[in-house]
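Here is the structure we will look at, set down as structure tokens.
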Amino acid sequence: MSQENVEVVRAAVGAWNAEDVDAFAELMAPGVIMQAPEGWPEPGPFVGREAALREFEQLRETWAFDSLEVIGDFVDTGDRVAARVNWRGAGHGPEMCLEMTDVFTVREGKVSHVEVFWNHAEALEALGLSE
């Protein structure tokens, strides 16, 4: 089952990079919860697909172009999958590149929870692992 969960996360990253909002939304459970990283301007949590998608849409509007680049392997612990990413954006102001680790909980083929960590080691600790 866990490899299937990795594929759900891989598909979510792919849909984000393709700007395919419908495919991205379809991968989110109706009651998805998204937790922003510590210090994020809109701290959340964002509860429900519509709230999470509004936050994602707001993030997308900040730059003319953005993408997620997975750096390293997905870390798979059953129903939770961590993806260490560089999130890059350009246009509408200064370019940005943020490194973070997103921890996705996947249930029944849908993302039910997303936690975002600035520190990869902290994300691994949340999974019960160490670097």
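The figures follow:
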{"read-out": "Flag for V75 being within 15 Å of the chain's Cα centre (by Cα) and closer than 30 Å to G128 by Cβ", "value": "yes"}
{"read-out": "Residue pairs meeting the criteria (Cβ under 7 Å; at least 6 apart or on separate chains; first at positive phi, in region 22-44; second in a strand (DSSP E or B))", "value": "G44/M34; G44/Q35"}
{"read-out": "Selection count, region 78-131, where residues are farther than 13 Å from V9 by Cβ and among the basic types (K, R)", "value": "1"}
{"read-out": "Test: residue in region 51-74 that is touching a residue at least 40 places away in the same chain (Cβ under 8 Å), under 13 Å from G109 (Cα atoms) and of a type outside the set (D, E, K, R)", "value": "no"}
{"read-out": "Test for V70: is it closer than 26 Å to S2 by Cβ, surrounded by fewer than 17 Cβ atoms within 10 Å (Cβ to Cβ) and not small (G, A, S)", "value": "yes"}
{"read-out": "Which numbered condition A52 misses (of (1) over 25 Å from S2 (Cα atoms); (2) part of a helix (DSSP H, G or I))", "value": "(1)"}
{"read-out": "Selection count where residues are in contact with a Phe, Trp or Tyr (Cβ under 7 Å, 6 or more places away or on another chain), buried (at least 17 other Cβ atoms within 10 Å of the Cβ) and of a type outside the set (A, V, I, L, M), scope region 90-106", "value": "1"}
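Only the coordinates and a few stated rules stand behind these numbers; no lab work does. Just so it is clear, the structure is predicted and the values come from calculations on it, not from any experiment. Cβ atoms come from the backbone with ideal geometry, glycine included; neighbour counts cover every protein chain shown.
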